[in-house]
Amino acid sequence: MTREYLDQLINHLLDEVLILESMVREAILESVKSLMTQDKKLSKIVSKNDENINVKRFEIENECLIAIATQQPMASDLRILASILEIITELERIGDYAKGIAKITRKTKGEDILPPLEYLPDMANEAVDMMQKAVKAFVEGDIKTARAIPERDDVVDNNFNQIYRGLIKFMSKNPEKAEVANHLLWAAHNLERMADRVTNICERTLFIETGSIYELEELDSDDDDDIHTVN
């Protein structure tokens, strides 16, 4: 096969990653909406649609493996294909977080949403925006954006801490509501873990451009000179 064919195949796979990201993004936002509105029907839709996310992930994975086995990719191509395999795994796992939040909607059994959860939609919007920009940076090879996104994790962590403290205080005063409060805390925890996985996606962008894996949380602006692009 020609070099042009492999380039076209990689571009196709990158487009498929963008599609998968959009599916996961919708799942997260819809799962949080189902929880905040106690919409059991919507939560079931989110859970069912997780099957579509899984199917898309495995379709992309299969195409990547076929490309590796049949197209004799160069080292730079292998970095892209390996990174795609890693990123679709991260996205599929984030989709599982959405499914988990939807399941929590059904477990809360129509309970009124507790006041500390007022931070949850903002937390979800921030995490989703981070994910969308991280995948876009990966597709475009945008190191600068990939380096900056993990810094926004502090916003997500702050929202989580607000929810955590609020729910712990609520449980101390209302022990009979401890079970539902614990379920809600896990919903916030899922979003907090989502932001951590976005950092993994950003690290893959650096991997493609440099050939090395960097722990972005351990890097600061003074480390820029230590990152060099390789071919």
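Can you give me the orientation-averaged projected area of the convex hull built on the Cα atoms of the range 114-158, in nm²?
Numbers: hull surface 11.8 nm².
For the Cα atoms of the range 114-158, the hull's average projected area reads 3.0 nm².
Given R₀ = 22 Å, FRET efficiency for residue 86-residue 145 by Cβ-Cβ distance, to 0.05?
On the way: r = 18 Å, r/R0 = 0.82.
Efficiency for this residue pair is about 0.75.
Ignoring ligands, DNA and RNA, how do 105, 2 rank by accessible area with a 1.4 Å probe, largest first?
Numbers: 105 0, 2 90 Å².
From most accessible down to least: 2, 105.
Report the FRET efficiency, 1/(1 + (r/R0)^6), for residue 78 and residue 51, where r is their Cβ-Cβ distance and R0 is 25 Å, rounded to 0.05.
On the way: r = 30 Å, r/R0 = 1.21.
Calculated value: 0.25.
Calculate, in nm to one decimal, what residue 12 and residue 96 gain on full extension: separation in residues at 0.36 nm each, minus their alpha carbon distance. Can you show the working numbers first?
Working: separation 84, 0.36 × 84 = 30.24 nm, distance 2.47 nm.
So the extension gain works out to 27.8 nm.
Please state the charge dipole magnitude for the range 106-207, taken about the Cα centre, from unit charges on C-beta atoms (+1 on K and R, -1 on D and E), reported in debye and rounded to the nearest 20.
Here the range 106-207 has a charge dipole of around 220 debye.
What is the magnitude of the charge dipole of the chain about its Cα centre, with +1 placed on the Cβ of each Lys and Arg, -1 on the Cβ of each Asp and Glu, and no other charges, expressed in debye to the nearest 20? The partial results should precede the final answer.
Numbers: 28 positive and 45 negative charges, 329 e Å.
About 1580 debye.
Counting only the backbone N, which residues of the range 154-197 are under 14 Å from the spot 7 Å out from the Cα of residue 107 toward its beta-carbon?
Zone members listed by number: 178-191.
List the equivalent ellipsoid semi-axes of the chain in whole Å, largest first, each obtained as the square root of 5λ for an eigenvalue λ of the Cα gyration tensor. Write out the running numbers ahead of the final one.
Numbers: eigenvalues 267, 91, 23 Å².
Those come to 37, 21, 11 Å.
Can you tell me the 0 to 90 degree angle between the C-alpha axis of helix 153-173 and the longest principal axis of the chain, rounded to 10?
Around 20 degrees separate the two axes.
Give me the angle, in degrees from 0 to 90, between the Cα long axis of helix 3-37 and the longest principal axis of the Cα atoms of the chain, rounded to the nearest 10.
Computed tilt is about 0 degrees.
Using r as the Cβ-Cβ distance of residue 62 and residue 2, and R0 as 22 Å, what FRET efficiency do you calculate, to the nearest 0.05? Working shown, then result.
Working: r = 22 Å, r/R0 = 1.00.
Between residue 62 and residue 2 the formula returns 0.50.
Around residue 82, with a cut-off of 12 angstrom between Cβ atoms, what is the net charge of the other residues, counting Lys and Arg +1 and Asp and Glu -1? Let's see the in-between values first.
On the way: positive: 79, 204; negative: 61, 77, 86.
Counting the neighbours of residue 82, the net charge comes to -1.
Please list 145-154, 9-18, 23-32 highest first by mean number of surrounding beta-carbon atoms within 10 Å per residue.
Working: 145-154: 18.6, 9-18: 16.2, 23-32: 22.9.
Per-residue mean Cβ counts within 10 Å order the peptides as 23-32, 145-154, 9-18.
How are the Cα pair distances of the range 1-126 distributed, in percent, across 10 Å bins from 0?
Taking every Cα pair in the range 1-126, the percentages come to 13, 36, 24, 16, 9, 2, 0.
The values are calculated or read from the model by the stated rules, or taken from the named source; none is laboratory data. Note that the structure is predicted; figures quoted are calculated from it, not measured. With ideal geometry, Cβ positions are generated from the backbone for all residues, glycine too; neighbour counts draw on all protein chains shown. These accessible areas exclude ligands, DNA and RNA; they are computed on the full protein's heavy atoms, side chains included. Shrake-Rupley method; radii C 1.70, N 1.55, O 1.52, S 1.80 Å.
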